[in-house]
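Values quoted throughout were computed directly from the atomic coordinates according to the rules given, and no laboratory measurement underlies them. All figures in this text were calculated on a predicted structure; none of them were measured in a lab. Cβ sites come from the backbone with ideal geometry, for glycine too, and all protein chains shown count toward neighbours.
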Amino acid sequence: MSAPVSGDAFDRVLLLLGRLNYVWSNTESLLIHLIAGLAGTTKDTALVIYLTLNTTRARADLVERLAKMEGREAGERDRILEMVGRLTQLAGLRNQYNHCIYAFDPQGGNPRTIQMRISDRRTGLRMGRETRIDAEAVRDIRDCIEDLTALNHAIWTLIRDAGYPA
């Protein structure tokens, strides 16, 4: 069991979650440049497409499908698919902390998240899954921020290498 996160430590968690959101938004927005390059259009047109698609999943699907189109060089396609796959994988942690409510223990124990999601099961519903915000959760958030930062740099390198509109 990990050590509790409370008081000032929870304030630091909130700052960390703000950083996660910043790094996430900054990295997801690079899909605009991938859309522009893969579709052979301008950055402004790609921005309209990006903003019209209102979920990360839809934007990632578009980039993956454009990358898989006939005539795409295999190396370029594979780099893009790997990067978009990584972004999609990292979305899970970001979504966990953005689509929840926070609950606090009045006795000073670990705060926790309660997911704002309904899962349909064969014969019932499951909702309100709770997750403790402990030292392990903080480590996971930090790791996700580092992974997103590295991915951001890798995508920028690809944008430059491929000559996509920047």
TODO: Please work out which one of (1) more than 28 Å from residue 15 (Cβ to Cβ); (2) in contact with a strand residue (DSSP E or B) (Cβ under 6 Å, 6 or more places away or on another chain) is the condition residue 114 fails and give its number.
DONE: (1)
- [ ] Just name the residue that is farthest from the chain's Cα centre (by Cα) out of those in the stretch 90-121 that are among the charged types (D, E, K, R) and more than 29 Å from residue 27 (Cβ to Cβ).
- [x] 105
- [ ] Quick one: which residue in 20, 31, 53 is farther than 19 Å from residue 155 by Cα and either touching a Lys or Arg at 6+ places or on another chain (Cβ under 7 Å) or basic (Lys, Arg) (or both)?
- [x] 53
Open item on the list: If I go through the stretch 128-166 residue by residue, how many of them are at negative phi and outside any helix (DSSP H, G or I)?
Closed with: 9
